[in-house]
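All remarks here apply to the structure that follows.
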Amino acid sequence: MLGKIFGALIGYWLGGFWGFLIGIYLGHQLDKRMTRIAGGFLLRTVANYQAKTQQVFFECTFSVMGCLAKADGRVSEEEIALARQVMQRMGLPAEAQRQAMLLFAQGKESDFDLDATLQKLHQATRGRLHLIQMFIEIQLGVGYADGTLKTAERDLLLKICNSLGFPVDAFERLEAMIQAEIHHHKSGGNQGPSLEDAYAILSIDESATDAEVKRAYRRLTSQHHPDKLAAKGLPPEMMKLAQEKTHEIRTAYERIRETRGFK
């Protein structure tokens with residue numbers, strides 16, 4: 001727009017009416033070119049910011065995972081094996097698994113700076129609560145990988161929540177959801193979750209109305225939608241985890257819907 005205005009003024013000053021028309025045309029071409037340049041710069045800036053966020057998220061996820069494994073004072077061979085299982089469940093390719101294990105090893109070192117790591121993650125994910133929630137869910141999943149969460153692990157997870165500005169009540173809802181998912185799979189996941197587990201997975205009470213059930217389902221689906229999380233900075237290597245979460249949520253919702261008989 002500014003190109004047209006300046007072009008018109010300069011054109012009129014130099015060539016009267018015809019100069020005015022030519023100035024508008026040339027100014028319009030300049031506007032289009034500047035828009036393309038600005039658009040390209042913006043896209044590159046967003047892409048660079050996205051890549052940085054993904055890298056920080058990846059690094060912090062696995063280094064904090066190592067720190068969590070050592071929360072009770074030592075890292076057992078079983079915990080290392082469980083960490084590998086979690087990485088394989090994420091569908092990480094071989095090179096990403098190698099990097100993840102190196103980060104895991106760094107996290108369990110005595111000189112690992114957890115506070116600095118969490119500060120770095122907080123800065124990278126600022127304002128994107130769903131991304132922070134995914135981080136907490138991953139760490140909770142690791143904590144419960146052996147079926148139970150030790151007191152030292154839970155205390156550390158609460159400290160992590162505090163550092164990232166993640167509410168305690170939201171953490172407790174995630175914990176109840178993961179406990180229900182574990183119970184569901186232990187009791188024969190192929191048959192679908194029990195009604196009690198389904199309500200826990202959706203973080204609602206059995207007394208919830210049909211409308212509240214639908215709202216909870218839409219909210220959780222939106223929070224865990226792979227494309228939305230990718231846009232916020234979830235690394236592509238972890239997309240399988242988001243897909244699994246949406247499947248768990250959908251399965252729980254279908255269980256409740258079929259029992260209640262609403263559409």
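The values are calculated or read from the model by the stated rules, or taken from the named source; none is laboratory data. Being a predicted model, the structure only gives us computed values, none of them experimental. Here Cβ is always computed from backbone atoms with ideal geometry, including for glycine, and neighbour counts include all displayed protein chains.
Of everything in the stretch 201-246, what is without any contact (Cβ under 8 Å) to a residue 40 or more places away in the chain and part of a loop (DSSP other than H, G, I, E, B)? Give them in sequence order.
Those that are without any contact (Cβ under 8 Å) to a residue 40 or more places away in the chain and part of a loop (DSSP other than H, G, I, E, B): SER203, ILE204, ASP205, GLU206, SER207, ALA208, THR209, HIS225.
Which one of THR151, THR125 is buried (at least 16 other Cβ atoms within 10 Å of the Cβ) and farther than 15 Å from ILE249 by Cα?
THR125
Return a yes/no flag: does the stretch 123-131 have any residue that is modelled with pLDDT of 90 or more and of a type in the set (A, V, I, L, M, F, W, C).
no
Of the residues in the stretch 159-175, how many are assigned to a loop (DSSP other than H, G, I, E, B) and surrounded by 13 or more Cβ atoms within 10 Å (Cβ to Cβ)?
Here the count works out to 1.
Looking only at the stretch 162-177, decide whether some residue is over 18 Å from GLN243 (Cα atoms), of a type in the set (S, T, N, Q) and at pLDDT below 90.
No: the stretch 162-177 contains no residue that is over 18 Å from GLN243 (Cα atoms), of a type in the set (S, T, N, Q) and at pLDDT below 90.
Which number in (1) under 14 Å from MET177 (Cα atoms); (2) buried (at least 19 other Cβ atoms within 10 Å of the Cβ) marks the one condition that GLU196 misses?
Every condition holds for GLU196 apart from (2).
Do you know which of the residues in the stretch 53-73 that are part of a loop (DSSP other than H, G, I, E, B) and in contact with an Asp or Glu (Cβ under 9 Å, 6 or more places away or on another chain) is surrounded by the fewest Cβ atoms within 10 Å (Cβ to Cβ)?
Only one residue tops the list, namely ASP72.
Any residue in the stretch 188-200 that is part of a helix (DSSP H, G or I), over 21 Å from the mean Cα position of the chain (by Cα), modelled with pLDDT under 90 and under 21 Å from MET65 (Cβ atoms)?
no
Would you pick out the residues in the stretch 151-176 that are in contact with an Asp or Glu (Cβ under 6 Å, 6 or more places away or on another chain) and closer than 21 Å to ALA200 by Cα?
Of everything in the stretch 151-176, just one residue is in contact with an Asp or Glu (Cβ under 6 Å, 6 or more places away or on another chain) and closer than 21 Å to ALA200 by Cα, namely LEU174.
What number of residues in the stretch 132-155 are aromatic (Phe, Trp, Tyr) and modelled with pLDDT under 85?
Selection size over the stretch 132-155: 1.
Touching a His at 6+ places or on another chain (Cβ under 7 Å) and under 24 Å from LEU121 (Cβ atoms) - does that describe any residue in the stretch 184-198?
Scanning the stretch 184-198, I find no residue that is touching a His at 6+ places or on another chain (Cβ under 7 Å) and under 24 Å from LEU121 (Cβ atoms), so the answer is no.
Which of the residues belonging to the stretch 215-239 are surrounded by fewer than 16 Cβ atoms within 10 Å (Cβ to Cβ) and more than 15 Å from the chain's Cα centre (by Cα)?
Those that are surrounded by fewer than 16 Cβ atoms within 10 Å (Cβ to Cβ) and more than 15 Å from the chain's Cα centre (by Cα): ARG215, ARG218.
Inspect the stretch 240-263 for any residue being surrounded by fewer than 20 Cβ atoms within 10 Å (Cβ to Cβ) and aliphatic (A, V, I, L, M) and give the result as yes or no.
There is no residue in the stretch 240-263 that is surrounded by fewer than 20 Cβ atoms within 10 Å (Cβ to Cβ) and aliphatic (A, V, I, L, M).
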